[in-house]
Amino acid sequence: MTDFPRLLHTVLDTRDVRTLAEFYRALLGYQYRAGDEPPPEGTPDDADWLTLHDANGTPRLAFQLEPELTPTTPARSDG
């Protein structure tokens, strides 16, 4: 065993926490952390932080609300 820190999960900033979390949940087959599941239909979703776990319960991705997020533009490489 090493003395290095262990990273638990990657955090993604987003303007729409639930939509991005749902995309990755469906793509990767992850599950929400208990309590992070979508609210019942017709109920407001005020999530500002959500976490997805793998089948073993290990945290893999988290999503945090960043309302002032500036969209990125990939740099063009001419070489």
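Taken together, the values in this text are just the output of simple stated rules run on the coordinates, not laboratory data. Quick caveat: nothing in here was measured; it's all calculated off a predicted structure. Note: ideal-geometry Cβ built from the backbone for every residue, glycine included; neighbour counts use all protein chains shown.
Details
- The chain: radius of gyration over Cα atoms, expressed as a fraction of 2.2 N^0.38 Å: 1.34
- Ranked packing of 28-34, 69-75, most packed first, by mean Cβ within 10 Å: 28-34, 69-75
- Rough spin-label spacing in nm, given labels placed 7 Å along Cα→Cβ, for residue 77 and residue 31: 4.0 nm
- Using a simple spin-label model with pseudo-atoms 7 Å out from Cα toward Cβ, residue 45 and residue 64 lie 2.1 nm apart.
- Here the dipole of the chain is about 320 debye; that uses its Cα centre as origin and unit charges on the Cβ of Lys and Arg (positive) and Asp and Glu (negative).
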